[in-house]
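Colleague: Have a look at this one before I ask anything.
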Amino acid sequence: MKWILLIIKSINVSSRDRMFIWRNIKSTGAVSLSHSVYLLHDTEDNRVTASNIARIVHERKGEILQFFADTFNGEQEQKLNKLIAEEIIVEIKEFSKECEDFIADATKRISNKKFRIFELEELNDALYKLDKWRIKLIQKHKLGSDKISILSEEIGKCKEKLYEFEEKVLQKG
């Protein structure tokens, strides 16, 4: 498999810009090999992203080195695939934690028995963001059906809790 290796030196880059760069790199499904060293699958989309990141880093007076890389053997390829799998698991756990927090928040609002429209709107917005995140995870990592099922089950629980809260708001109104 072919890879894009990015080495970024961002001493002169503001923390805001570094965060922007990091988010762009993470959106590709890149593996962090070390501080400011990333490995991306060599795809057309990732090449465009790498070029955009290089432009941003240069504009902010940082430095970036880009290389095309290839693994030497199957063992190295397995190690990289393991790193990618670990990154995916971490992201799915983060997503699941956010879903748990959403359900806890909705449950708390239900127990308060103050069913307000603005709270329903807040929960609806939060659920929309969670669902966008779910879709991004699926697209970014080209997840298999087992991982998609996990994410879908989590978002389904959130939707059920939102509907429960919505019913209470409508009953009160």
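Colleague: Across bins of 10 angstrom width beginning at 0, how are the C-alpha pair distances of the chain distributed, in whole percent?
Modeller: Binned Cα distances yield the sequence 9, 29, 25, 20, 12, 4, 0.
Colleague: Next question. For the chain, what relative contact order do you get, as a whole percent, if you take Cα pairs closer than 8 Å and at least 6 residues apart?
Modeller: Answer for the chain is 24 percent.
Colleague: Go ahead and estimate [θ] at 222 nm for the chain from helices alone: -39,500 (n - 2.57) per DSSP H run with n ≥ 4, summed, over the residue count, rounded to 500.
Modeller: Rounded to the nearest 500, it is -24500 deg cm²/dmol.
Colleague: Over the chain, with a Gaussian network built from C-alpha contacts below 10 Å, which listed residue (ILE53, ILE155, ILE11) shows the highest mean-square fluctuation?
Modeller: It is ILE11.
Colleague: Can you give me the relative contact order of region 2-70 as a percent, contacts being Cα pairs under 8 Å and 6 or more apart?
Modeller: 55
Colleague: Let me ask something else about it. Given the convex hull of the Cα atoms of region 80-141, what is a quarter of its surface area in nm²?
Modeller: 4.2
Colleague: Also, I was wondering about something else. Which FRET efficiency, nearest 0.05, do ILE150 and ASN81 yield, Cβ-Cβ r, R0 30 Å?
Modeller: 0.95
Colleague: Shifting gears a bit: Under 12 Å from the 7 Å Cα→Cβ point of ALA69, by amide nitrogen: which residues of region 1-39?
Modeller: 2-8, 31-39
Colleague: Still on this model: Counting alpha carbon pairs within less than 8 Å and at least 6 residues apart, what relative contact order, in whole percent, applies to region 81-172?
Modeller: Normalised by residue count, the contact order of region 81-172 is 45 percent.
Colleague: Also, I was wondering about something else. How much FRET efficiency would the formula 1/(1 + (r/R0)^6) give for GLN171 and MET19, where r is the Cβ-Cβ distance and R0 is 30 Å, rounded to 0.05?
Modeller: Efficiency computed from Cβ-Cβ geometry: 0.10.
Colleague: Along its three principal axes, how long is region 115-156 when you only count alpha carbons? Whole Å, largest extent first please.
Modeller: 39, 17, 5
No lab work stands behind these numbers, since they all come straight from the coordinates. Given the structure is predicted, the values throughout are model-derived calculations rather than measurements. Here the Cβ is made from the backbone with ideal geometry for all residues, glycine too, and neighbour counts use every protein chain on show.
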